[in-house]
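Written out below as structure tokens is the structure these notes cover.
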Amino acid sequence: MAVIDFLPKEYGYVVIVVVLYCFLNLWMGFQVGGARKRYKVPYPTLYAIESENKDAKLFNCVQRGHQNSLEMMPMYFILMILGGMKHPCICAGLGLLYNVSRYFYFKGYSTGDPMNRLTIGKYAFLGLFGLMGCTISFAITLLRS
């Protein structure tokens with residue numbers, strides 16, 4: 001019996017949305033690389049120091065936008081993967097909301113004003129909380145079976 005026999009066919013949407021986030025994450029990484037060149041922050045420096053670089057805040061905002069997305073990625077992935085086993089279409093929709101919100105979170109952060117990350121980026125939390133609900137629903141189903 002193959003693993004796909006246990007998953008609903010709509011689970012493919014979950015997989016596609018997770019892969020889209022991988023592309024978004026790669027794009028953010030390239031943006032950080034470009035910011036390194038633009039603001040002259042050499043590797044392996046993770047964050048620029050304001051006393052050494054007049055553009056430190058601009059670079060650090062780009063770096064933090066990506067870093068925060070990396071920090072949230074494990075939780076997002078596990079909620080998508082597990083919650084999508086019972087609610088694939090809902091999770092795919094919530095995942096798309098999360099992905100789009102994270103894009104705007106990054107773009108807002110990259111302006112150099114950290115508050116700009118929340119204009120549209122704050123809606124990523126709606127996606128995450130929805131995914132938590134789907135995953136809890138899946139857990140309850142498992143416990144009752």
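Just so you know, all these numbers are worked out from the coordinates, no wet-lab data involved. Since we're looking at a predicted model, the values are computed, not measured. Note: ideal-geometry Cβ built from the backbone for every residue, glycine included; neighbour counts use all protein chains shown.
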Just to be sure I understand the model, the point goes 7 Å from the Cα along the line to the Cβ. What's the resulting Lys37 to Lys9 distance in nm?
4.6 nm
Could you name the lysines whose alpha carbon sits less than 16 Å from that of Lys37, not counting residues in the same chain fewer than 8 places away?
Lys54, Lys57
Neighbour-limited loop hits for trypsin sites (Lys or Arg not before Pro), segment 1-50 (at most 14 other Cβ within 10 Å; DSSP other than H, G, I, E, B)
Lys9, Lys40
Given the options Leu79, Leu97, Leu126, state which has the largest fluctuation in a GNM of the chain using a 10 Å cut-off (strictly under) for Cα springs.
Leu126
Compute the Rg/Rh shape ratio of the chain: radius of gyration over Kirkwood radius, all on alpha-carbon atoms.
1.10
For segment 3-61, I need the span (max minus min coordinate) of the C-alpha atoms along each principal axis, in Å, sorted largest to smallest.
58, 16, 15
Could you let me know the centre-to-centre spacing of segment 1-60 and segment 64-94, using Cα atoms, in angstrom?
14 Å
Order of 83-93, 47-57 by packing, highest average Cβ count within 10 Å first?
83-93, 47-57
